[in-house]
1. Condition check: out of contact with any Leu (no Cβ under 8 Å at 6 or more places or on another chain), surrounded by fewer than 16 Cβ atoms within 10 Å (Cβ to Cβ) and under 16 Å from Gln49 (Cα atoms). Does Ala154 satisfy that?
2. For the range 216-305, which fully contained helices (runs of 4 or more DSSP H) count at least 3 residues that are within 16 Å of Leu16 (Cβ to Cβ), modelled with pLDDT of 85 or more and not polar (S, T, N, Q)?
3. Just for strands (runs of 3 or more DSSP E) wholly inside the range 40-110: which have at least 2 residues that are among the charged types (D, E, K, R) and outside the structural domain of Gly144 (by TED's automatic domain parsing)?
4. If only one of Leu156, Leu181 is in the same structural domain as Leu29 (by TED's automatic domain parsing) and free of Cβ contacts under 8 Å to residues at least 24 places away in the same chain, which one is it?
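The values are calculated or read from the model by the stated rules, or taken from the named source; none is laboratory data. Predicted model, so just to flag it, every value in this text is computed and none were measured. Cβ sites come from the backbone with ideal geometry, for glycine too, and all protein chains shown count toward neighbours.
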Amino acid sequence: MMSFRLVPDQTKVPFLSFRKTAMALSGFLALISVALLPTKGLNLGIDFQGGTMIEVRMPGDEADIGAMRGTLNGLGLGEVALQTFGSPTDVLIRVERQEGEQEAQLAAVDQVKQALTESFGDDISYRRVEFVGPKVSDELFRAGAEAVLFALIAILAYIWFRFEWQFAVASIVALVHDVVLTLGVFSLLGLEFNLATVAALLTIVGYSLNDTVVVFDRVRENLRKYKKMLLVDLLDRSLNDTLARTLMTSVTTLLALAALFIFGGPVIRDFTFALIWGVLIGTYSSIFIASPILLFLNLRAESVALPSSTEKAA
């Protein structure tokens, strides 16, 4: 049987020769992302912002978003956002949180339904209505931020225990890089940031860490084997040794995610986009961010512990 290979054996790509360009590009993109967050901000979903979300299916071949917006903006309910959702007749209506308890939110829904019925007839299908209160939305946002932060701290502790401190620092810098750039892309494109996106961020962290640990395992192995080799050459050798595995994992994952993005529907599209972006940026950071930081931290063979009995057995 013929074997399929994305890259040939024994590649000699000089990855570290591009480190200055890659680090400058990543630093520039990270600065833009950090600047976007307080200025443009994130398009917070109803999970974090609170309010009412109504999904409707309008009669006819296509919903008239302009006419619907004009109808609903005159109700005095504050900010009302509309967007097509799936088919041309499906519309997602987001109404800002009203002052008062649940009765006030229900009254707002009734106003929306009455106004749409008067303007577009009785053939409107109301597919779902969701409410999120201010207390719940604040708690969800805080819990989501804490989940990402605690994940990074746990990863730092694990890598520090599993490897040496240089590897831990390099891993965390790469992971923070991935998270910041993902937040920047969501802010720039105005994609909805909700609980599903937090789950995507945690998935990105895990994927990127897995890629980085595979490279670091080979780096540590080569440090023990080639003690006199220049560190820059050793890092390039380690990256080339793991290149086939890295690319095969990334490509197969992207194929599955692309199918979800195209055929999975609008409900999971932003979530899937976050994962696609995360796989791409995670693969990039494990090669062009984590490894150059080891060079910057002046990793030496003497600092790498001898293999344990468990590692020898493996």
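1. no
2. Details: elements: 231-241, 243-263, 269-288, 290-296.
In the range 216-305, the matching helices (runs of 4 or more DSSP H) lie at 231-241, 269-288, 290-296.
3. 51-57, 87-95
4. Only one candidate qualifies: Leu156.
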